[in-house]
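Asker: Have a look at the structure that comes next, please.
The values are calculated or read from the model by the stated rules, or taken from the named source; none is laboratory data. In this text the structure is predicted, and so the values were computed from the model without any measurement. We place every Cβ from the backbone using ideal geometry, glycine too, and count neighbours over all the protein chains shown. For the accessible areas, the whole protein counts, side chains as well, though only heavy atoms, and no ligand, DNA or RNA atoms are used. Shrake-Rupley method; radii C 1.70, N 1.55, O 1.52, S 1.80 Å.
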Amino acid sequence: MRLIINGEPREVTAQGLGEVLAELEFTGDWLATAVNSQLVPAAERAGFVLSDGDRVEILTPKQGG
Amino acid sequence: MLDLYGEQIASRLLLGTAQYPSPAVLAEAVKASGTGIVTVSLRRETAGGKSGDGFWSLIQSLGVRVLPNTAGCHTVKEAVLTAHMARDLFRTDWIKLEVIGNHDSLQPDVFALVEAARILTQDGFKVFPYTTDDLVVAERLLEAGCEVLMPWCAPIGSAMGPVNPYALRSLRGHFPAVPLIVDAGIGRPSHACSVMELGFDAVLLNTAVAKAGDPVEMAAAFAEAVNAGHRGYRAQMLEPRDFAVPSTPVIGKAVFS
């Protein structure tokens with residue numbers, strides 16, 4: 001399956017969002033995710049099934065003003 | 001105490017966490033400032049990276065409250081989604097709402113700001129809107145559900161200080177019970193002191209501290225300036241006069257001629 005991860009095309013074998021994060025080695029404990037511009041809360045990632053072409057945003061805490 | 005959405009905050013200085021020379025300097029500056037609230041953002045994580053974990057661990061160790069921002073958002077949709085992601089990540093319903101309207105001045109798009117503020121308030125957020133010093137926009141933001149206003153005093157990072165004290169005074173006069181925080185444009189401790197003397201409730205800083213030659217010393221200087229300005233306002237300052245008034249009593253002066 002082909003996904004757009006943080007703006008970059010990636011091929012993955014996993015289907016669930018939680019599994020995709022593990023497959024792509026997003027191993028941080030503090031992540032926020034959205035799929036096709038909709039929030040997917042941390043508690044719902046494991047059961048969230050992705051589709052080919054989905055756009056996934058993976059954000060993390062950063063410095064800000 | 002500073003009351004923000006029912007939370008009592010001891011310090012009247014809010015500090016941004018960006019642009020410091022190192023994480024260690026950031027941590028020391030936060031401590032020196034005495035702040036109770038720091039602003040943070042969300043950005044893309046890289047695969048295999050844990051950059052966010054390290055930064056977040058540092059912030060958590062400082063024992064301060066976080067105010068996530070929507071910096072860099074240019075549309076209502078972007079800002080609302082970013083706010084929801086921030087709430088999921090930082091586990092707070094506080095959001096510093098930024099919707100930028102102009103790339104050069106980083107001036108907020110106040111029309112989109114009001115719309116996003118209304119949506120987020122309805123979604124249960126406690127919105128801290130980064131706005132201009134426009135009185136009517138402030139009224140609209142309050143109508144949208146904001147209980148705090150954060151007008152700029154000059155463009156972000158410009159260090160110009162309050163370019164329109166009249167507008168800031170006007171906001172204070174029209175909204176005596178609304179917490180007002182100057183967000184953006186402060187360059188020097190004297191700028192912070194002057195807006196606090198106008199009766200503002202707090203100041204939010206980042207660049208003026210982070211890019212100072214000695215950020216830790218500057219953080220301490222701003223803490224003192226904010227406190228001095230606030231105490232001066234509370235003590236009711238003398239208004240300027242166009243004539244001299246002797247401070248030493250005239251009566252009883254010796255006559256030597």
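Asker: For the stretch B:135-257, treating each Cα as an identical point scatterer without solvent, what Debye log10 I(q)/I(0) comes out at q = 0.10, 0.15, 0.16, 0.17 1/Å?
Answerer: Values returned for q = 0.10, 0.15, 0.16, 0.17 Å⁻¹ are -0.40, -0.72, -0.79, -0.87.
Asker: With r as the distance between the Cβ atoms of A:VAL49 and B:MET160 and R0 = 56 Å, compute the FRET efficiency 1/(1 + (r/R0)^6) and round to 0.05.
Answerer: The calculated FRET efficiency here is 0.65.
Asker: Under a crude label model (7 Å from the Cα following the beta-carbon direction), how far is B:ARG43 from B:ARG91 in nanometres?
Answerer: 2.5 nm
Asker: Show me you know the interface measure: the accessible area buried between B and A, both chains summed, probe 1.4 Å, in Å² to the nearest 100.
Answerer: 2600 Å²
Asker: Now, a different point. Which is farthest toward the positive dipole end of chain B among B:PRO189, B:GLY173, B:THR70, measuring Cα position about the Cα centre, with Cβ charges +1 (Lys, Arg) and -1 (Asp, Glu)?
Answerer: The Cα lying farthest towards the positive end belongs to B:PRO189.
Asker: With unit charges on the beta carbon (Lys/Arg positive, Asp/Glu negative), name the residue among B:GLN60, B:VAL250, B:ALA83 whose Cα is farthest towards the positive pole of the charge dipole of the protein assembly as shown.
Answerer: The listed residue farthest towards the positive side: B:VAL250.
Asker: Something else about it: Given the whole protein assembly as supplied and a 1.4 Å probe, what does the accessible area of B:HIS230 come to in Å², nearest 10?
Answerer: So the heavy atoms of B:HIS230 present about 30 Å² to solvent.
Asker: Using a 1.4 Å probe on the protein heavy atoms, what percent of the accessible area of the stretch B:208-257 belongs to carbon and sulfur?
Answerer: Taking all protein chains in place, the stretch B:208-257 shows 57 percent carbon and sulfur surface.
Asker: Separate question: Place +1 on the Cβ of every Lys and Arg and -1 on the Cβ of every Asp and Glu in the protein assembly as shown, take the dipole about the Cα centre, and give the residue among A:ILE4, A:PHE48, B:GLN8 whose Cα lies farthest towards its positive end.
Answerer: It is B:GLN8, whose Cα lies furthest towards the positive end.
Asker: What fraction, in whole percent, of alpha-carbon pairs in the protein assembly as shown exceed 26 Å separation? Before the final figure, lay out each step's value.
Answerer: Numbers: 26115 of 51681 pairs.
That tail contains 51 percent of the Cα-Cα pairs.
Asker: With each pseudo-label sitting 7 Å past Cα toward Cβ, what's the B:ASN102-B:LYS253 distance in nm, one decimal?
Answerer: 5.3 nm
Asker: Go ahead and run the numbers for FRET between B:PHE111 and B:ARG169, Cβ-Cβ distance against an R0 of 35 Å, rounding to 0.05. Walk me through the numbers before you get to the answer.
Answerer: Values: r = 25 Å, r/R0 = 0.71.
In this case the efficiency is close to 0.90.
Asker: Set the Förster radius R0 to 41 Å, insert the Cβ-Cβ distance between A:GLU8 and B:GLU217 as r into 1/(1 + (r/R0)^6), and round the FRET efficiency to 0.05.
Answerer: The formula returns an efficiency of 0.45 here.
Asker: Give, ordered by residue number, each residue of the stretch B:84-98 whose 1.4 Å probe accessible area is reduced by a minimum of 40 Å² on adding the remaining protein chains to the chain alone.
Answerer: Residues shielded by partner chains are B:MET85, B:ASP88, B:LEU89.
Asker: Averaged per residue, what accessible area in Å² does the stretch B:52-136 show with a 1.4 Å probe, protein chains only?
Answerer: Solvent-accessible surface per residue comes out at 39 Å².
Asker: I want to verify a result. In a Gaussian network model of chain B, Cα cutoff 10 Å, which of these has the top mean-square fluctuation: B:ARG231, B:ARG43, B:ARG91?
Answerer: Its mean-square fluctuation being the largest, the pick is B:ARG43.
Asker: A further question follows. For every other residue with a beta carbon closer than 15 angstrom to the beta carbon of B:GLY34, add +1 if it is Lys or Arg and -1 if Asp or Glu, then tell me the sum.
Answerer: Once positives and negatives cancel, what remains is +1.
Asker: Using Cα pairs closer than 8 Å and at least 6 residues apart in sequence, work out the relative contact order for chain A, in percent.
Answerer: The normalised contact order for chain A reaches 43 percent.
Asker: Let me ask something else about it. To the nearest Å, what is the center-to-center distance of the stretch B:152-181 and the stretch B:219-242, using C-alpha atoms only?
Answerer: 15 Å
Asker: Counting only C-alpha contacts under 8 Å and six or more residues apart, can you give the relative contact order of the stretch B:79-209 as a whole percent?
Answerer: That works out to 18 percent.
Asker: Shifting gears a bit: Taking the Cα centre of the stretch B:22-178 as the origin, how large is its charge dipole in debye, to the nearest 20, when only Lys and Arg (+1) and Asp and Glu (-1) carry charge on their Cβ atoms?
Answerer: Details: 14 positive and 16 negative charges, 78 e Å.
Roughly 380 debye, rounded to the nearest 20.
Asker: The stretch B:81-171: D in µm²/s via Stokes-Einstein (Kirkwood Rh, Cα pairs, 10 °C, 1.306 mPa s)?
Answerer: Rounded to a whole number, D works out at 117 µm²/s.
Asker: Here's something else I'd like to know. I need the semi-axes of the equivalent ellipsoid of the stretch B:161-226: take the C-alpha gyration tensor, multiply each eigenvalue by 5, square-root it, list largest first in whole angstrom.
Answerer: So the three semi-axes of the stretch B:161-226 are 23, 11, 9 Å.
Asker: In terms of the ratio Rg/(2.2 N^0.38 Å) built on C-alpha atoms, what value belongs to the stretch B:2-132?
Answerer: Values: Rg = 15.0 Å, N = 131, 2.2 N^0.38 = 14.0 Å.
Here the answer is 1.07, to two decimals.
Asker: Relative contact order (percent) for the stretch B:124-197, with alpha-carbon contacts under 8 angstrom and 6 or more residues of separation?
Answerer: Relative CO of the stretch B:124-197 lands at 33 percent.
Asker: Which value, in debye to the nearest 20, describes the size of the charge dipole of the stretch B:18-74 about its Cα centre when Lys and Arg Cβ atoms bear +1, Asp and Glu Cβ atoms bear -1, and nothing else is charged?
Answerer: The dipole of the stretch B:18-74 has a size of about 80 debye.
Asker: Assigning unit charges at the beta carbon (Lys, Arg +1; Asp, Glu -1) and nothing else, what dipole magnitude in debye, to the nearest 20, does the protein assembly as shown show about its Cα centre?
Answerer: Roughly 900 debye, rounded to the nearest 20.
Asker: Take the Cα gyration tensor of chain B, multiply each eigenvalue by 5, square-root it, and list the three semi-axes largest first, rounded to whole angstrom.
Answerer: After scaling each eigenvalue by five and taking roots: 36, 23, 15 Å.
Asker: Something else about it: Mind ranking B:CYS153, B:CYS193 by accessible surface for me, highest first, 1.4 Å probe?
Answerer: Ranking B:CYS153, B:CYS193 by accessible area, largest first, yields B:CYS193, B:CYS153.
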